[in-house]
Structure formats: structure tokens, C-alpha cells
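Undergrad: Have a look at the structure that comes next, please.
The values are calculated or read from the model by the stated rules, or taken from the named source; none is laboratory data. Everything numeric in this text was worked out from a predicted model, so none of it was measured. A quick note on method: Cβ atoms are made from the backbone with ideal geometry, for glycine too, and the neighbour counts reach across all protein chains shown. Heads up: the accessible areas ignore ligands, DNA and RNA and are worked out on the full protein's heavy atoms, side chains in. Shrake-Rupley method; radii C 1.70, N 1.55, O 1.52, S 1.80 Å.
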Amino acid sequence: MNLYPLFADLHGRPVLVVGGGAVAERKTAALLAAGAKVTVGATTLTSRLIAWASAGLLRHKQGQFVEAWLEGQWLVVAATGVTAVNRSIADAATAHRLWINVVDDADLSTFHVPAVVDRSPLMVAVSSAGAAPALTWLVRANIEATLDHSLGALVGLAAQFRVQIKNRFKDLGERRRFYSWLWRGPVARLLRAQQVSASEAALEAALVTADSKNSGSVALVGAGPGAPELLTLAGLRQLQEADVILHDRLVSTEILALARRDAERIEVGKQAGGSKTTQVEIHALMERYARLGKRVVRLKGGDPFIFGRGGEELEFLRSKGIHYEVVPGITSAVACAAYAGIPLTHREHAHSVRFVTAHCRESLDILDWSALADETQTVVVYMGVAQLGLLRARLMSHGRSGSTPIALIENGSLPTQRVITGKLRELEALAWKHVLASPTTLIIGEVATFANSLGWFGAPVLTSSTDLTRAA
């Protein structure tokens, strides 16, 4: 271990920052946030440092560094940007037995300022001893993504009840199990949902009954369109805490790989014309594992509440008294359009957008085709590959022009993404020519033409040919 890690309480303690530029300003901001009494010594200051000094937040010593500035200080930061000056400050601080950090000079520093994940009162610090600051920040970013912001409130709540917990659980092993329950159980879930009073009540009740068995729960999580980079941070945290994952067929292996290694993965996808898990069976699986005390993630492609039957699943969970929460995802229509360079609304071309599903003929029969034929709006069709002919016929019979631009986006946001543009009257012929398969999203409206000029991701956009247009 090259360095001995520690956290310093600087509340009300004098700290000297030498330098008045942007770096000194950044160091000062962090010290002020920690409650230090900061003195900044420099000939000139940034406008923000001047404002802080005028507001009485810091003391300014005008001029070049002199050793007398060190009197009464607890820490020193040298941020002058001049190596010789920084060295003289470091030598003087060492002679006074003061800890010093020299910005961007690990050899002159006796302490290093780490990259910090702040979930106060919980703090996570990452340091490379000044060897590779950029890598330190990357590590910090990875940790940041895994720790929910409600964790600070949970630590604060644990501190509030620390004495009661210690008195209730004399055995160290029992106490550790209780803290594990606190981290994984209903108290943490209630805090994530901003239900502070309820979380305190749940903790108090657990201390009375000593019921620290992990009660089960279900989280409906949107996996997004497929690219792992588009999974939300909240979704990632749920996957990393899950015991059981009930996932759709189209959830990518890359996203599943982000889950806890020992989590049980069960595919419950539905596929037109193939084997499927019924919604009743999915409900039964959620209830079964939740009753066993498991943390269940119901992982859905896109967003749970956009043609994902998330509402039905919440109704079922509520009827069974099972705790649930929802993590929205980037819905496939929005992601596919963005990755194809298509704005779904545009001031000059589309004042609204409609999302419809076309996974079977019955779903098409209940649509308001007159409204969908409005030329001033964009229509986005989910799960429509098998019904393209019927879609085209219905829209055109209700007045939508056969020359209306369309875009077919297969595997949107994935490396295998393909975008085919053309006209509404060509719809089936285009899909047949390019052998399109699910998942494919269909965008109908003037905005679809933007894919030809603004498309930026994946393979080049394919457009319909003259002979194909005639054939259609």
C-alpha cells in the first residue's frame, strides 16, 4: 500500500491555498464544501474567488507567497502553476510539518486529493497516488454509476438508529445480517422512492420484531432498445442487485452480462408464430420468486409502459401485496429514430407523433385510422413487420398519400442497424427486397426523409430504387 488512506475533518480548520487561477478556484470550492476556513494567497484572483472573498467565504492574502502564511494552517495546497514557486511552498510546508498537495506534482505532495463519489455521509475516494489521474476519474465514474443517490440517506438513517441497532443485535453476525437487510430490503427501496417517513417506520418495526428476513420485491426495468450504453444508471443498479431476472427475448446478451453474475436468468419472451410464455405465466413467476424473498427484475426491451404490458404487471403485483418499483427505459421508437437521424417532431413537418403497435391483425382493427392518416403528424409503428401490407392499405384508404416518406429501422442502436427509406406505397416491397426481420420499427411521415441527410450511425441508409418504385 503506497499511501495510507484517511478522511480529514476540516470543518472550521484553517487551510491555505496558494494561487488564484482556475485550478486554485476548483480546489477552494472543494475545501469550502468540506467546511474549511480557507485562505487564498495570490496577487490576482479569478472573478469567482473575488466574489467568494467579498461574501466573506474566504480570506484573501494579497501578494507573493511568504512563509508566514503557513502559521496556524492545517493543510496547504500549492496551485500557482509555477514549478519553482510550488517547490518553495512544499519545502516550507514540510519544514512546518504541514501536509501539502502540489497540483500535478506527486513527488512534491505529501497528500493527494482523490476522485470522490459523494453520497454524504458516505464518501468513496479513489486515488492513483498522482500516477494516473485520468484513470482515477474513469474508476470514479464506474463507481458513480453503481451507487444510487439515495444511499446517503440510507447511511444517515443507519447512523440515526445506530445505538438501537447495536443494542438490539448484540451478536456481530446478526448485526451484519441486519445491515445487509437494511441495504437490500424495504427500507432502502422506500428511500429510493423518496418515502422517508415510511422508511423510518419500516426500520423501527424491524427493530421491534427482529424481522430482518429479506422480503421479496419486483422491479420493472426498461432495458432500452438494445445498446448497453442506453441502459439507465437506475436500471444498471437494479440488475446488479437482482436475484432473478425475467427478461424478454430481445434483451441483448450485452445487457444481461451487466447483471449480478449469480443472478438466475429466465427468458419469458413472446415471439409471433413461435413458442411463448403467457402473461399469466409471467405473473406467476414474479409472484413465486418474490414470495421466496427474492429481488426480481422484470427486464423489458424499451420501456415497460410503452406496449410493454407494465401496467398489467403492476396491477397484478399490487393485488398480491408485492412491493414493486419501476425504472423507465429509453423506448425503442425514440432510440431508433435518434440513431437514424430522424426527429420525430419538427416545426415545419410534424407537430405531433403517435405510437401504435401492429403485432397482430386484431391490434390494427381497433386503431383510429382517420386520425393516423393526418399528414401533419409522425406515426411510429412497433412490431409491424408481419402486417406491413395491411398497414399500408389501411392508411392509404383513409387518405394518407402513397408518396408519404417512410423509414424502416432494423436493430436500431445496435451494430447491425439498417435503415431503409422510401415511400408508403413501397412498404411491403422494400421489406421483402431487404429481407427485414424483427425487431424493425416503422416511421411514417415527412420527417422520415431526414434519415437520408442526418443519419449518423451504422451502415449507410438504403433508399428505394426507381424500378422498385414502379414495381410497387
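Undergrad: Quick one: which residue in SER413, SER453 is in contact with a Gly (Cβ under 6 Å, 6 or more places away or on another chain), outside any strand (DSSP E or B), under 29 Å from PRO228 (Cβ atoms) and not hydrophobic (A, V, I, L, M, F, W, C)? If you could, list the steps in order and put the result at the bottom.
TA: Numbers: SER453 fails: in contact with a Gly (Cβ under 6 Å, 6 or more places away or on another chain).
When all the criteria are applied, what remains is SER413.
Undergrad: Among the residues of the stretch 386-400, is any within 35 Å of the chain's Cα centre (by Cα) and surrounded by fewer than 18 Cβ atoms within 10 Å (Cβ to Cβ)?
TA: yes
Undergrad: Which members of the stretch 9-30 meet the condition of being exposed (fewer than 15 other Cβ atoms within 10 Å of the Cβ) and not in a helix (DSSP H, G or I)?
TA: Answer for the stretch 9-30, where residues must be exposed (fewer than 15 other Cβ atoms within 10 Å of the Cβ) and not in a helix (DSSP H, G or I): ASP9, HIS11, GLY12.
Matching residues to (1) open to solvent by less than 10 Å² (accessible area, probe 1.4 Å); (2) of a type in the set (A, V, I, L, M); (3) more than 20 Å from ASP243 (Cβ to Cβ):
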site: GLU174; (1), (2), (3): no, no, yes
site: ARG177; (1), (2), (3): no, no, no
site: ARG189; (1), (2), (3): yes, no, no
site: GLU204; (1), (2), (3): no, no, yes
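Undergrad: Another question about this same structure. Taking the condition of being modelled with pLDDT of 95 or more and aromatic (Phe, Trp, Tyr), how many residues in the stretch 1-56 meet it?
TA: Of the residues in that region, 1 qualify.
Undergrad: Further question: Look at ARG140 and say whether it is open to solvent by 40 Å² or more (accessible area, probe 1.4 Å) and at positive phi.
TA: no
Undergrad: Can you name the residue in the stretch 232-252 that is open to solvent by 20 Å² or more (accessible area, probe 1.4 Å) and hydrophobic (A, V, I, L, M, F, W, C) and, of all such residues, is modelled with the lowest pLDDT?
TA: LEU250
Undergrad: Can I ask one more? Taking the stretch 416-450 on its own, how many of its residues are of a type outside the set (S, T, N, Q) and assigned to a helix (DSSP H, G or I)?
TA: Total meeting the criteria: 14.
Undergrad: Across the stretch 256-279, which residue is surrounded by the most Cβ atoms within 10 Å (Cβ to Cβ) among those that are over 27 Å from the mean Cα position of the chain (by Cα) and at pLDDT 85 or above?
TA: THR277
Undergrad: Still on this structure, please answer the following. Can you report the number of residues in the stretch 290-347 which are of a type outside the set (Val, Ile, Thr), open to solvent by less than 30 Å² (accessible area, probe 1.4 Å) and part of a loop (DSSP other than H, G, I, E, B)?
TA: Qualifying residue count, the stretch 290-347: 8.
Undergrad: May I pose another question? Mind listing just one residue for me: the one in the stretch 352-366 that is aliphatic (A, V, I, L, M) and surrounded by 17 or more Cβ atoms within 10 Å (Cβ to Cβ) and, of those, farthest from ALA448 (Cα to Cα)?
TA: Checking each candidate, the answer is LEU364.
Undergrad: Name every residue in the stretch 363-382 that is within 15 Å of LEU344 (Cα to Cα) and either hydrophobic (A, V, I, L, M, F, W, C) or not in a strand (DSSP E or B) (or both), in order of residue number.
TA: Once the filter is applied, which keeps residues that are within 15 Å of LEU344 (Cα to Cα) and either hydrophobic (A, V, I, L, M, F, W, C) or not in a strand (DSSP E or B) (or both), the stretch 363-382 yields LEU372, ASP374, GLU375, THR376, VAL379, VAL380, VAL381.
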